[in-house]
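**Student:** Dropping the structure in here first, questions after.
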Amino acid sequence: MDKTKLDKARYIKNMTENLPALRAKLGLTQEDTAEKIGVSRVTIAMIETKKRDMTWNTFLSLVHLFSRNESTEKMLSIFEIYTDELNDYFLE
């Protein structure tokens, strides 16, 4: 796959829309999540309220966080956040 053709905006949108549910599944507050990925709680809050766009680096950090837990790993697939296409992108 050509890395320039990956629709990063679609993945970020899916993560943004489902971030509260993913956090809740792990029992994480905005503060907990922020601390684990190295951003501020305000950043997480602003992303969740769509007052700030999620960066690709934040997206990747969240994918890493949620892919480490079996229940949220399954949710990443269901919410089309972590797809075969994205996996191929990472493997290139």
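The values are calculated or read from the model by the stated rules, or taken from the named source; none is laboratory data. Because the structure is predicted, anything quoted here is derived from the model rather than measured. Positions of Cβ are backbone-derived with ideal geometry, glycine not excepted, and every protein chain shown enters the neighbour counts. Just the protein is used for accessible areas: all its heavy atoms, side chains included, with ligands, DNA and RNA removed. Shrake-Rupley method; radii C 1.70, N 1.55, O 1.52, S 1.80 Å.
**Student:** Anything in the range 23-51 that is farther than 18 Å from residue 9 by Cα, β-branched (Val, Ile, Thr) and not in a helix (DSSP H, G or I)? List them, or say none.
**Tutor:** Answer for the range 23-51, where residues must be farther than 18 Å from residue 9 by Cα, β-branched (Val, Ile, Thr) and not in a helix (DSSP H, G or I): 29, 39.
**Student:** Which residues, taken from the range 3-27, are more than 24 Å from residue 91 (Cα to Cα) and within 14 Å of the chain's Cα centre (by Cα)?
**Tutor:** Listed by number, the residues that qualify are 17, 18, 19, 20, 21, 22, 23, 24, 25, 26.
**Student:** Is at least one residue of the range 66-75 in a helix (DSSP H, G or I), open to solvent by 40 Å² or more (accessible area, probe 1.4 Å) and more than 25 Å from residue 88 (Cβ to Cβ)?
**Tutor:** no
**Student:** Still on this model: Under 6 Å between Cβ atoms, which residue pairs at least 6 apart in sequence (or on different chains) link something in the range 70-92 that is of a type in the set (Ser, Thr, Tyr) with a partner that is modelled with pLDDT under 95?
**Tutor:** From the range 70-92, the pairs are 89/6.
**Student:** Are any residues in the range 9-41 hydrophobic (A, V, I, L, M, F, W, C) and either under 15 Å from residue 61 (Cα atoms) or surrounded by 13 or more Cβ atoms within 10 Å (Cβ to Cβ) (or both), and if so, which ones?
**Tutor:** Correct list: 12, 15, 19, 22, 26, 28, 34, 37, 39.
Yes/no matrix, rows are residues, columns are (1) open to solvent by less than 80 Å² (accessible area, probe 1.4 Å); (2) assigned to a helix (DSSP H, G or I):
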position: 59; (1), (2): yes, yes
position: 64; (1), (2): no, yes
position: 81; (1), (2): yes, no
position: 86; (1), (2): yes, yes
